[in-house]
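Every number in this text was worked out from the coordinates using simple rules, so none of it is lab data. Quick caveat, the model's predicted, so the values are computed rather than measured. Neighbour counts are summed over all protein chains in view; Cβ atoms, including those assigned to glycine, are modelled from backbone coordinates with ideal geometry.
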Amino acid sequence: MASDAKTRASDADRDQTAAALREHLAAGRLTTEEFDERLNRAYSAKTLGELDDLMADLPAVDLDQLPDASLRRSGHDLPPAPPRPPGWIQTGQGRLSPAWRAAWGSWLAISLCAFVVWLISGASGAPWFLWLALPLGALLLGRWIVGAPARSERRSDRPRRYHRHQVP
């Protein structure tokens with residue numbers, strides 16, 4: 001891969017090595033454990049020499065000759081993200097992102113508490129807990145259908161407030 005093993009590796013170099021490792025895994029040249037270890041080392045490699053060391057005992061793979069090479073070049077076959085450190089929290093932007101799950105969970109907890117209070121109070125009369133659960137649920141459902149971000153997903157674009165001891 002490299003003419004000089006001390007040259008710093010780019011993200012594209014790491015991705016190319018990861019794609020070649022996936023091909024060797026698919027061909028049966030690597031076990032899953034070996035693949036995982038080499039993939040972790042590929043994404044943490046600093047130089048092209050480190051990437052070359054990962055591929056030293058494997059035959060060369062021409063990624064452009066594979067059947068899905070046109071998809072890979074057009075960006076449809078993106079490599080997986082590098083492994084995340086322990087304790088990493090996903091901050092997805094999709095419909096089932098952690099923020100939306102928290103919002104739906106909060107609604108469910110509030111509605112359930114009101115329902116339980118209604119049951120404990122004898123469940124007599126009209127089901128008043130619905131006056132709480134239905135409007136809140138309708139608002140939440142409307143925002144979810146429209147695709148509006150949940151509250152915690154919007155905080156990142158707010159300007160940060162500085163304490164008086166911090167310099168902006």
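The residues ASP57, ASP52, ASP13, when put in order of fewest to most other Cβ atoms within 10 Å, stand as ASP57, ASP52, ASP13.
Counting Lys and Arg as +1 and Asp and Glu as -1 over every other residue whose Cβ lies under 12 Å from the Cβ of GLU50, the net charge comes to +3. Each peptide in 29-41, 112-124 receives the mean, over its residues, of other Cβ atoms within 10 Å, and ordering these scores from highest gives 29-41, 112-124.
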